[in-house]
Amino acid sequence: MNKTINERLKVTVIGCGQAGGSITAKIEEFVNDLGGNKANTSFVGINTSTEDLASVQLSHKIHMNNSKGAACNRENGVQDLAENIDTILEELQSYIIEDSIVFIATSLGGGTGSAIAPQLAEILLDEGYKVGMIVVLPADNESLKIRDNARQTFYEIEELKPRMGSIYILDNNATDKMKINNTFASLFSSVLCINNKSQDGNMDLAEIEACLLTPSFSVITRANKNNGTTANIIDVLSRDSNIFAKREDKTITTMGISEAVSAKESKIDMTDLRKEIGTAPTEFHGYLSESEENVIILSGLTMPYSRVDAMTESIQKEADIIKNSRKATTEVRSGKNIDIFATPTVEQTTTIKDKPKGLTALEKLRAKKISR
Ligand SMILES: Nc1nc2c(ncn2[C@@H]2O[C@H](COP(=O)(O)OP(=O)(O)OP(=O)(O)O)[C@@H](O)[C@H]2O)c(=O)[nH]1
Ligand SMILES: [Mg+2]
């Protein structure tokens, strides 16, 4: 077996926040192990949290200064980015491989990555970069705030979708986080290792890139050399433990299949496969991949709207919890005046409504002093 990274494919991965950074680090690890060419691949982590950044192994790290972390609050994430954008952008661009496809990785539900990733994606698109994304949906049992962040981020990305390349949407409902990172990094590097050497047909560089650059949701499946049957591919795609968000219909725009074997030895029946997973207007099919793996890329799929709708409904059902917590933390009750003492106390002589609004505590104290 000669599984090595395709020398000519140029990819930059930018991980934002903790999840994005961890996924990016995993991909870098796989790419290094598979002899990736440093001139054609680049891996960057951006975070406000020095702790998160220190915990991942990445060749490039950008720390957003003067920030303690967004603490799950996307507005903090945006604010931090706004204050650092010029320095960050310059450093970031110095790490981006020229003419590469730039994938921005982030969780949808945190406060840092989810806030800065869509902003950076839009900025890089405006600058003419080819941009795709790797995003993570929160599990159903995660906090309301995380699910609400994810809902907002999803629709921000949805707006950018037509201008972007593929969006790999991972689902934390599938299994544990580290397993998801590992599986995705492994699948993604298998795409980077597609290298067909067959007279029956090859998935060439332009075709691999076309799969990665087809807008909207995309998934990757793999089967080992002896397991590349129609039934097995369909089975892997439909398992609950599949790390990608579930497909909600059979729409496919681009299908790329790189087989381990020759056309004659192929165990994939295209008619059956299309019947089960859908027919793509564009299909690329290569044989005898040097990686000796069967890799299938389905791109231009319908975004997982029902999954996000269900999440939105779960948030709405718990709207009272949000309302009450907001009340508990922001609503100020004033004490009842029970008039026990005949002469009013100092506080009562300066009633709240007499005080001009918008004063600081110190100013209020001073006002009190004067009125005495
Ligand atoms: N799959 C996966 N999910 C992760 C990982 N780390 C965190 N998550 C998920 O990401 C969401 C939380 O976002 P983080 O990426 O930790 O947040 P952040 O962008 O660092 O932002 P703050 O910590 O809020 O400043 C939750 O849904 C977690 O379940 C990871 O390594 N892999
Ligand atoms: Mg964090």
Using the Kirkwood radius over Cα pairs, work out the Stokes-Einstein diffusion coefficient for the stretch 11-310 at 37 °C and 0.692 mPa s, in µm²/s as a whole number. 170
One finds the C-alpha centres of the stretch 201-269 and the stretch 85-112 to be spaced, in Å, by 28
Among 12-18, 31-37, how do they line up from the highest to the lowest mean number of other beta-carbon atoms within 10 Å? 12-18, 31-37
Relative contact order for the stretch 108-195: what percent, with Cα pairs under 8 Å and sequence separation of 6 or more? 35
In degrees between 0 and 90, to the nearest 10, how far off the longest principal axis of the chain does helix 17-33 point, with axes built from Cα atoms? 20
If the cut-off is 14 Å between C-alpha atoms, which aspartates and glutamates fall inside it for Lys3, apart from same-chain ones fewer than 8 positions away? Asp33, Glu259, Glu290, Glu292, Glu293
Tell me, what % of the accessible area of the stretch 125-176 is carbon and sulfur with a 1.4 angstrom probe? 43
Dipole of the stretch 40-184 (Lys/Arg Cβ +1, Asp/Glu Cβ -1, origin at the Cα centre): which of Asn172, Asn84, Asn47 lies farthest to the positive side? Asn172
In a Gaussian network model of the chain with springs linking alpha carbons closer than 10 Å, the residue among Asn232, Asn182, Asn294 that fluctuates most is Asn232
Cα-centre dipole for the stretch 177-329 with unit charges at Cβ (Lys and Arg positive, Asp and Glu negative), debye to 20: 760
Set Lys130/Lys246; Lys38/Lys267; Lys26/Lys275; Lys26/Lys197; Lys130/Lys177, cut-off 31 Å on Cα-Cα distance; pairs above it are Lys38/Lys267; Lys26/Lys275
The relative contact order of the chain, taking Cα pairs under 8 Å that sit 6 or more residues apart, comes to a percentage of 15
Where in the stretch 7-56 are there trypsin sites (Lys or Arg not before Pro) that are in a DSSP coil and have at most 12 other Cβ atoms within 10 angstrom of their Cβ? Arg8, Lys38
When a/c is below 1.5 the answer is rounded, else prolate if a/b is larger than b/c, else oblate, so apply that to the stretch 149-210 with a ≥ b ≥ c taken from the square roots of the Cα gyration tensor eigenvalues. oblate
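The values are calculated or read from the model by the stated rules, or taken from the named source; none is laboratory data. All of these numbers come straight from a predicted model, not from anything done at the bench. All Cβ positions, even for glycine, are placed from backbone atoms using ideal geometry, and neighbour counts span all protein chains on display. These area figures cover heavy atoms from the full protein model, side chains too; ligands, DNA and RNA do not enter into them. Shrake-Rupley method; radii C 1.70, N 1.55, O 1.52, S 1.80 Å.
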